[in-house]
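Structure first, commentary second.
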Amino acid sequence: MIAPAAVMIFLFFLMPVVLTAIFAMTNMTTATGISGGAWQVTQGAINRLKADMPDLAGGIAEPRFVIDEEGLAALEALKLKAGFSTELRASHMGEVFPSRREAERMIKALKDRPSTREVKQISDLFNRSVLNTRFETRDGLMASLKKLGFTLTPAEQETVATATYTGWVWTTENFRIIGNSPDMAQIFLNTAFYVSVTLLLFNVSYALFLAITTHYMPASTASIFRAIWLLPRITPVVIYVLMWKWLTWDSGFISMFMGQFGYPAKNYLLDSAYNAWFFVILINGFIGASMGMLVFSSAIKAIPQTQFHASEVDGASRWQQVRHVILPQLRWPILFVTCYQTLSLLASFNEILLSTRGGPGRATEVWSLAAYHTALNNYTGNLEYGLGAAMALVLVVVGIVLSLIYLRIFRYDTLISKPLIED
Amino acid sequence: MAEKPQISSNTTSANFSSLPVILLLGLFSLPLLVMYAYLFIDTISDTEAGSLIPNEFTLRHWSFLWETKAGKPNIWLVTLNTFIFASCITGVILTVSSMAGYVLSRLNVPARGFFLAGVMVLHAFPSVTLIIAIFIVLQWIGLYNSLIGVILVKAAVELPLGIWLMKGFYDTVPWEIEMAGTVDGASRFTVWRRLVLPQIKPAVMALGLFSFLTGWSEFIMPQVLAPGAKVQVLSVYLAGLIIDDNNFDFGTFKAVGVFYVVPVLILYVFFQKHLMNIYGGGTKG
């Protein structure tokens, strides 16, 4: 009975974890494709070769002339003088000419004296080049190169194969990029700022504020406020962010409202990095606050009423009650919410993607959003799956470590009890 | 509900007035209230530029219901997709997690502790970080841009929560019922199907509702894994409308938004009590 669950979790949960690690070690992009590649001498490959093997790179780039059976067959089909092909086959078979001039000089010297037009016609038939031809196998490319008169040592073959391969290869380059690039450092700082501020201000503090204020209200009023503050969580995220966009747009609510006092209309969401952060944190904080509110409210409800009565009889002010009765008993729920929300804030980028798309510029780009932009959606169109997976892998590792810690803190072993029926 | 007001009034009435906190919280809640109020108002009215008060009633923002926009899929197809998406996810989650939860709660399977720990780690683990790998896997096996692929992925990602909740619900069912069943010679499967499952019907319903709402609201997975016009769901459709700079019209966006959010609000209002169990308690691990 547990098999379907195990299979699904394995296929779409554990496998992706492993695969993220695997993809992180590759340079997969849209250009390399995700399945295997081919070997192709492109202009880019020639540029790469120039550094190591300048002669070869120059040679491959130019057309070469090879007297081969294929060309001879084509020549016979042209129905020129029969002597041409007979002589070429007899005395020049397999010869390679590195340029058109040399090939044509040889053809001109044929006994049957071809005209200038015929020389050109004939030489065209033997024009051979590997430039931009796709080879499905490495050997195919090497065989062609050999036919064209390039004799390569195994080491040279290796260099050529690497330079011309169009598929993805194994590499640790991604981690070097993550470690060294200043962009990544900026994104890392953004993430740290975003997670800590949202967590402290909203997911914990404001949630506590909501839970405590609703606690000091008549039950009916309290349930209205709780319902209001649950709205951000239950509203589908696209609509929720749409409403914030409307609030902050050039012609939106804040602009119109400030317009009544003579301020010019502007886009409050995207006009400056400061404002963008302000709203990004509000948008996420309002959603995050509801979870803390529910957890803290039920924890406060679990505090024995007698403690409140006793403190009131002793003349405690409301602040003292909060400080000395409520807060000390909320230690575990607060720790729980902090752990849980750190993880979800680190990983979720829905709201930022829909509101600022990481803008203005890249001011509000956080780690998970940057991974998404790198691997799945960017303006240049070359999606770097490998680099994106490496960035996601950082989050995956952080996620696993944090959830393991969280498992320890919340004493998981107490949650298991032995089955009472033995099978 | 009957005894709740009494408890609260005991704590609040004595020394403190509740008016200041109500006013304070009301002030904080204003932005939310304004946004939601205008979400509904703007769909059926037009407002002059530079003004905040609507001046005429109109239904033109709702025209997307009977006219398909150029380059956009038909709204009813999209709605059907969303419904299929959310229902299938619900079905898969309920079936799979009610079985797995029972096994983890009651049967002495090998590596039970390991399974439970695994489920719990996965439950806390942010699954959205896996989306890049999932994207590549779906392209490989050819389920990219299909509803089946995204349904399986979304259901799998929600499974740990479902299994964990179901396990918790089964834990509350008294053992005596099962013991009676096994003594009478029923197999464990029959016991589960006939005796235990009916006991936790409310819980199954709550998890079902929750899964449906999660599926209905999901944005990023369909956006990445199934963005094509034929398999688009409402969230992707709406996000596509908003991103299209040529037809920027908040009235229409909001009308689509209301069309999309109303089922959620209705379900929520009717089944608030069930859902609160999950929103509050479910994440408690």
Which order results if B:L24, B:L225, B:L77, A:L148 are arranged by neighbouring Cβ count within 10 Å, fewest first?
B:L24, B:L77, A:L148, B:L225
Please compute the Cα-Cα pair-distance distribution of chain A with 10 Å bins starting at 0, giving whole percents from short to long.
4, 14, 17, 17, 13, 10, 9, 7, 5, 3, 1, 0, 0
Residues B:W164, A:W332 in order from fewest to most other beta-carbon atoms within 10 Å are A:W332, B:W164
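What's the longest bit of chain A with no exposed GluC sites (Glu not before Pro), using DSSP loop states and at most 11 other Cβ atoms within 10 Å as the test?
A:137-421
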At most 12 other Cβ within 10 Å, DSSP loop - trypsin sites (Lys or Arg not before Pro), the range A:1-102:
A:K79
Provide a whole-number value for the mean count of partner chain Cβ atoms within 10 Å of the Cβ atoms in peptide B:133-146.
4
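Calculated from DSSP H runs of 4 or more alone, at -39500 (n - 2.57) each and per residue, what is the 222 nm mean residue ellipticity of the protein assembly as shown, nearest 500?
Working: 35 runs with 440 residues, N = 708.
Theoretical 222 nm ellipticity from helices: -19500 deg cm²/dmol.
If we count every other residue with Cβ under 10 angstrom of A:G149's Cβ, Lys/Arg +1 and Asp/Glu -1, where does the sum land?
+3
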Can you tell me the relative contact order of the range A:278-413? Whole percent, Cα pairs under 8 Å, sequence separation 6 or more.
20
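Relative contact order of chain A: what whole-number percent is it, with Cα pairs under 8 angstrom and at least 6 residues apart? Don't jump to the answer; show the numbers that get you there.
Working: 483 pairs, mean separation 91.9, N = 423.
Once normalised by length, the contact order is 22 percent.
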With the dipole of chain B defined by +1 on each Lys or Arg Cβ and -1 on each Asp or Glu Cβ, the option from B:V34, B:I131, B:M166 whose Cα lies farthest towards the positive pole is B:M166
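Pairs of Cα atoms under 8 Å, at least six residues apart: use those to get the relative contact order of the range A:1-147, whole percent.
Working: 126 pairs, mean separation 45.1, N = 147.
Relative contact order for the range A:1-147 comes out at 31 percent.
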Could you list, in their original order, any pairs among A:K245/B:K72; A:K120/A:K147; B:K72/B:K230; A:K81/A:K147; A:K111/A:K147 whose Cα atoms are separated by more than 20 Å?
A:K245/B:K72; A:K120/A:K147; A:K81/A:K147; A:K111/A:K147
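Quick one: Cα convex hull volume of the range B:69-284, Å³ per residue?
Working: hull volume 31.4 nm³, N = 216.
Output value, Cα hull per residue: 145 Å³.
Given the pairs B:K69/B:K273; A:K79/A:K146; B:K154/B:K273, which span a C-alpha to C-alpha distance of over 32 angstrom in this model? Please list the in-between numbers first.
On the way: B:K69/B:K273 39 Å; A:K79/A:K146 30 Å; B:K154/B:K273 25 Å.
With Cα atoms farther than 32 Å apart: B:K69/B:K273.
Per the Kirkwood treatment, what hydrodynamic radius in Å, one decimal, follows for the range A:63-128 from the mean inverse distance over all distinct Cα pairs? Spell out each step's value before the answer.
Details: mean 1/r = 0.0878 Å⁻¹.
About 11.4 Å for the range A:63-128.
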Each label sits 7 Å from Cα toward the beta-carbon; between B:I41 and A:L131 the label points are separated, in nm, by 6.9
Extent of the protein assembly as shown along each principal axis, from alpha carbon coordinates, in Å, largest to smallest?
124, 79, 50
Would you calculate the separation in nanometres between label points at A:K79 and B:T95, each defined as 7 Å from the Cα along the Cα-to-beta-carbon direction?
7.1
Can you list the aspartates and glutamates whose alpha carbon sits under 13 Å from that of A:K266, skipping same-chain ones fewer than 8 residues off?
A:D250
What three numbers, in Å, describe the spread of the alpha carbons of the range A:185-339 along their principal axes, ordered from the longest?
55, 42, 29
At 7 Å along Cα-to-Cβ for each site, give me the label-to-label distance between A:N382 and A:I303 in nm.
5.9
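The numbers here are math on the coordinates, done by the rules we state, and not lab data. Predicted model, so just to flag it, every value in this text is computed and none were measured. So basically every Cβ, Gly included, is an ideal-geometry build from the backbone, and we count neighbours across all protein chains shown.
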